Amino acid sequence: PRVNSRQSNGTSTRPVLPPIVVDDLDISFQQPATAAAIRGAALQLTSGEGGRISARIEARHGATMSVGDGQNGLDTVAAMVDLDGERLDLRELTGARGDGALHASGSITLQGNASTVDVTVNGWSDLQSWWAATNDAAVPVGRVDATARVTGSVSDPAIAFEATCGSFAWSDVQVGDIRARGSYRGGELSLNAATLRFAGGTVD
C-alpha cells in the first residue's frame, strides 16, 4: 500500500493498493433469507488514488444461490464491481447455464445491519428445468422472461417482478401468452396482476 503523506484541510488520504490477482478463491454470503457461494473463482483488484477499489471476478466452477428453501446454480458467473467508501456499485453481473441466463446491475450501501440494496435483475429460464428432479413426464414446457428489482434492507429485501411466457404447454393445455406482475418478501409471494391468452380469449 502507498499512502500520500500530504494532507489537505486536515483530511487524510486513503491507501492505494497495487494490482492484486487471486486464483482459486472461495466466496460465501449468508443472510437469514438468502445465501450465495462461489467456488474456485479468479479475482482481479485495482484501486485509484481516491481510494476507489475496482474488482472483476470470474467463477470458474459456477455458483449456487439459495432463497428460502429453494436453491439454484449457475455454470458461469462474472461480475465487475466498484467499492467507494460505504457504496458498492455492481456495474455488471452475468450468469448462465444451459436452461437460463441472468444479468444484474445496481448498488449496495454497506452500513452493517442497516445495509441496503437497490439492484435490477433481468433473466430467462426454461420452465421444464424447474421440474428436472421429478419423474413426471407431463411437466410444464415454455420459457419465462422476467425483470425484478430488489430494494430495501440486505437482510430482508423486497422484490418487485414482472414476468412473461410467450408459449406455455402443460399436458394437453396450451396457453398462448402469460404475463404476471407481483412481489416477494419474507417468504410471501404476492401476485398483483396476471393475464393469459387461452382458447381464443383472454383471462385477467
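The values are calculated or read from the model by the stated rules, or taken from the named source; none is laboratory data. From a predicted model like this one, the values you see are computed outputs, not experimental measurements. Quick reminder, even Gly has a Cβ in these numbers, built from the backbone with ideal geometry, and neighbours come from all protein chains shown. The area values use the complete protein model at the heavy-atom level, side chains included, leaving out ligands, DNA and RNA. Shrake-Rupley method; radii C 1.70, N 1.55, O 1.52, S 1.80 Å.
Is it the case that Pro140 is more than 30 Å from Ser54 (Cα to Cα), surrounded by 15 or more Cβ atoms within 10 Å (Cβ to Cβ) and at pLDDT below 95?
Considered against the rule, which asks whether it is more than 30 Å from Ser54 (Cα to Cα), surrounded by 15 or more Cβ atoms within 10 Å (Cβ to Cβ) and at pLDDT below 95, Pro140 comes out as yes.
Only one of the listed residues (Arg52, Arg91, Arg97) is at pLDDT 90 or above and basic (Lys, Arg). That residue is Arg91.
At least 2 residues being farther than 18 Å from Val81 by Cβ and either in contact with a helix residue (DSSP H, G or I) (Cβ under 8 Å, 6 or more places away or on another chain) or open to solvent by less than 90 Å² (accessible area, probe 1.4 Å) (or both) is the threshold, and among the strands (runs of 3 or more DSSP E) wholly inside the range 23-71 those reaching it are 34-47, 63-67. Residues in the range 182-202 that are among the basic types (Lys, Arg) and within 22 Å of Ser66 (Cα to Cα): Arg185 only.
Among the residues of the range 143-178 satisfying the criterion of being farther than 19 Å from Pro32 by Cα and among the polar types (S, T, N, Q), which is least open to solvent (accessible area, probe 1.4 Å)?
Of all residues in the range 143-178, those farther than 19 Å from Pro32 by Cα come to 143-149, 160-178.
Those left that are additionally among the polar types (S, T, N, Q): 147, 164, 167, 171, 174.
Details: Thr147: 63, Thr164: 46, Ser167: 74, Ser171: 82, Gln174: 115 Å².
Step by step, filter the range 143-178, then rank; the result is Thr164.
Restricting Arg185, Arg181 to residues that are touching a Pro at 6+ places or on another chain (Cβ under 9 Å), open to solvent by 50 Å² or more (accessible area, probe 1.4 Å), under 23 Å from Asn122 (Cβ atoms) and modelled with pLDDT of 80 or more narrows the list to Arg185.
Aliphatic (A, V, I, L, M) and surrounded by fewer than 14 Cβ atoms within 10 Å (Cβ to Cβ), is that true of Leu196? Here the answer is no, as Leu196 does not meet what is asked.
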